[in-house]
Amino acid sequence: MERKRVVITGLSAITPLGNTLESSWQALLAGKSGIGRITQFDSTNFATHIAGEVRDFEPQKYIQPRQCQKMDRFCQMAVCASMQLLENASFEVSASEAGRTGVVLGVGLGGLKTIEQFHTRLVESGPNRVSPFFIPMLISNMAPAHVAITTGAKGLNAVATSACTSALHAIGYAYDQIVLGRADAMITGGAEATITEMGISGFTAMKALCTDNQDTPEMASRPFDATRCGFVMGEGAGMLLLETLEHAQSRGAHIIAEIAGYGASDDAYHMVAPLETGEGMAACMRHALEDAHVAPEQISHVSAHGTSTHANDIAETRALHEVFGTHAKNLAITAIKSQIGHLLGASGGVSSVFAAMTLLTGIVPGTANLRHPDPECDLNYMAEGSKNLDPQYAMINSYGFGGTNGSLILKKFAG
């Protein structure tokens, strides 16, 4: 049986750079930073006071106020992003096609804020004051569940929770559903909102967060820079609408890009540290290339995981050298976390949205704050800013705790 071609017909983004795809994309290309002082709680006694927050977020534009009260912030972002997505794609889940339209989203941690809120209530007021909505508000799968309730999608509904690879794996699973003929359309991507006291405390205790540049937050996230000191927490959502080529053409959809391949692997090595050699990262890139039937030399743009942590940036660079050989020097590599921070489980969704925009527009975003390149990170990380390079293929990489790795390959749509 001939393999189904999978195309992207809609995009949405709610990020620290803007509450819409257009505002986020334009700010990204302009080199603006979405990182600033934390406003969601008093961080005075914390080692870090900065994060990539989504500012002026108004979920009531898409969600009734009473429903908002029953959702954690990550669910609110997922629903709002899904509504923007369907608007962007001019797509409506009709009754006749609802069963062939699914939702798979990536969420790394779920409702941390909800846990904090109701634990405080439990301690201060006793067990009878814990809300019956406590559990439904915090569990990760409520993001795709609320999206399905809102949109009417009745196909596969699932969440991928694989740390910082969650959203990219979700996109891969959604892609597989269509390739296997089990769905005609899939809403996919990721959402995360963990800029909370527990979230910041936990990552600080691991020595994972950047604690310098507190007075110049826009300079704090420095992927591949020799002076980097850790990642900056971010939040937001990035979503894509996937369809079979035939389904998209039958409704006259505007096709943004095509998914060519997907690969996954695991280091099987350590709870939080990547293999220093980048072996597992290289394996998932090779799997994606094989799935896409694409030679390494055909890839010209890579959206790197690029966390701004010492171990990740070096391992990822080594993996790129391993997979691409001498061609690695020709790659235009972007680390968007330099401008929005690390969105954890949602990061692969936002990276994939921006990579699709890169193929559509031909413009490759730059990497901010790369002023002192690490000698061990010796590739072209687009330190000079955005350029019109018109890539034909883009690879998106995501890696997470537990050694979980994912790579996605997008192709410029040519009919």
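The values are calculated or read from the model by the stated rules, or taken from the named source; none is laboratory data. Just so we're clear, the structure is a prediction, and the values are computed from it rather than from any experiment. In this analysis, Cβ positions are derived from the backbone assuming ideal geometry, glycine residues included, and neighbour counts consider all displayed protein chains.
Check off (1) within 19 Å of the chain's Cα centre (by Cα); (2) over 30 Å from Thr9 (Cα atoms); (3) not in a loop (DSSP other than H, G, I, E, B) for Ser265 and give me the number that stays unchecked.
Going through (1) within 19 Å of the chain's Cα centre (by Cα); (2) over 30 Å from Thr9 (Cα atoms); (3) not in a loop (DSSP other than H, G, I, E, B) one by one, Ser265 breaks only (2).
Can you find a residue that is more than 30 Å from Glu2 (Cβ to Cβ) and in a strand (DSSP E or B) anywhere in the range 211-227? If you could, list the steps in order and put the result at the bottom.
The initial filter retains those residues of the range 211-227 that are more than 30 Å from Glu2 (Cβ to Cβ), namely 211-227.
Restricting the remaining residues to those that are in a strand (DSSP E or B) gives 225.
Looking for residues that are more than 30 Å from Glu2 (Cβ to Cβ) and in a strand (DSSP E or B), one finds at least one in the range 211-227, hence yes.
Condition first: surrounded by fewer than 21 Cβ atoms within 10 Å (Cβ to Cβ), in contact (Cβ under 8 Å) with a residue 12 or more places away in the chain and in contact with a Phe, Trp or Tyr (Cβ under 8 Å, 6 or more places away or on another chain). Can you find one or more residues in the range 225-248 that meet it?
no
When only residues in the range 186-215 that are in contact with a helix residue (DSSP H, G or I) (Cβ under 7 Å, 6 or more places away or on another chain) and among the hydrophobic types (A, V, I, L, M, F, W, C) count, which is surrounded by the most Cβ atoms within 10 Å (Cβ to Cβ)? Please lay out each step first, then the result.
We begin by selecting, within the range 186-215, every residue in contact with a helix residue (DSSP H, G or I) (Cβ under 7 Å, 6 or more places away or on another chain); these are 186-194, 196-199, 209, 213.
So of that shortlist, the ones also among the hydrophobic types (A, V, I, L, M, F, W, C) come out as 186-187, 191, 193, 198, 209.
Details: Met186: 29, Ile187: 31, Ala191: 38, Ala193: 31, Met198: 14, Leu209: 27.
Here the residue is Ala191.
Restricting attention to the range 319-327, does a residue exist that is of a type in the set (Gly, Ala, Ser), within 27 Å of Ser23 (Cα to Cα) and not assigned by TED's automatic domain parsing to the domain that holds Ser82? Spell out the reasoning first.
Quick first cut of the range 319-327, residues of a type in the set (Gly, Ala, Ser) only: 319, 325.
Of the ones still in play, those that are also within 27 Å of Ser23 (Cα to Cα) are none.
No, that holds for no residue.
Which residues, counting only those in the range 1-46, are surrounded by fewer than 21 Cβ atoms within 10 Å (Cβ to Cβ) and of a type in the set (Gly, Ala, Ser)?
Residues satisfying the conditions are Ser23, Ala27, Ala30, Gly31, Gly36, Ser43.
Please state which one of Ala335, Ala328, Ala315 is surrounded by fewer than 24 Cβ atoms within 10 Å (Cβ to Cβ) and either hydrophobic (A, V, I, L, M, F, W, C) or touching a residue at least 12 places away in the same chain (Cβ under 8 Å) (or both). Before you say what the answer is, go through the steps one by one.
Numbers: Ala335 fails: surrounded by fewer than 24 Cβ atoms within 10 Å (Cβ to Cβ); Ala315 fails: surrounded by fewer than 24 Cβ atoms within 10 Å (Cβ to Cβ).
Result: Ala328 is the single residue among Ala335, Ala328, Ala315 that is surrounded by fewer than 24 Cβ atoms within 10 Å (Cβ to Cβ) and either hydrophobic (A, V, I, L, M, F, W, C) or touching a residue at least 12 places away in the same chain (Cβ under 8 Å) (or both).
Taking the range 355-377 only, how many residues are over 23 Å from Leu209 (Cβ atoms) and either touching a helix residue (DSSP H, G or I) at 6+ places or on another chain (Cβ under 7 Å) or of a type in the set (Phe, Trp, Tyr) (or both)? Talk me through it step by step, then tell me what you get.
Residues of the range 355-377 that are over 23 Å from Leu209 (Cβ atoms), as a first pass: 355-366, 375.
Narrowing the set further to residues that are either touching a helix residue (DSSP H, G or I) at 6+ places or on another chain (Cβ under 7 Å) or of a type in the set (Phe, Trp, Tyr) (or both) leaves 357, 363-365.
Matching residues across the range 355-377 total 4.
Taking the range 24-60 on its own, how many of its residues are hydroxyl-bearing (Ser, Thr, Tyr) and either assigned to a strand (DSSP E or B) or touching a Lys or Arg at 6+ places or on another chain (Cβ under 7 Å) (or both)? Before the answer, list the steps.
Going through the range 24-60, the residues hydroxyl-bearing (Ser, Thr, Tyr) turn out to be 24, 33, 39, 43-44, 48.
Next, only the ones that are either assigned to a strand (DSSP E or B) or touching a Lys or Arg at 6+ places or on another chain (Cβ under 7 Å) (or both) stay: none.
Selection size over the range 24-60: 0.
Give the residues of the range 355-373 that are among the polar types (S, T, N, Q) and either assigned to a loop (DSSP other than H, G, I, E, B) or surrounded by fewer than 22 Cβ atoms within 10 Å (Cβ to Cβ) (or both), sorted by residue number.
Pass one, the range 355-373, residues among the polar types (S, T, N, Q): 358, 361, 367, 369.
Listed by number, the residues that qualify are Thr361, Thr367, Asn369.
Among the listed residues Glu87, Glu92, Glu116, identify the single one that is assigned to a loop (DSSP other than H, G, I, E, B), among the charged types (D, E, K, R) and farther than 30 Å from Asn405 by Cβ.
Values: Glu87 fails: assigned to a loop (DSSP other than H, G, I, E, B); Glu116 fails: assigned to a loop (DSSP other than H, G, I, E, B).
The unique qualifying residue is Glu92.
Could you say whether any residue in the range 86-104 is among the small types (Gly, Ala, Ser), surrounded by 18 or more Cβ atoms within 10 Å (Cβ to Cβ), under 22 Å from Ser166 (Cβ atoms) and touching a Ser or Thr at 6+ places or on another chain (Cβ under 6 Å)?
Of the range 86-104, the ones among the small types (Gly, Ala, Ser) are 89-90, 94-96, 98-99, 102.
Now narrow it down to the ones that are surrounded by 18 or more Cβ atoms within 10 Å (Cβ to Cβ): 89, 102.
This time we only want the ones that are under 22 Å from Ser166 (Cβ atoms), so: 102.
Right, trim to touching a Ser or Thr at 6+ places or on another chain (Cβ under 6 Å) and you get none.
No - not one qualifying residue is present in the range 86-104.
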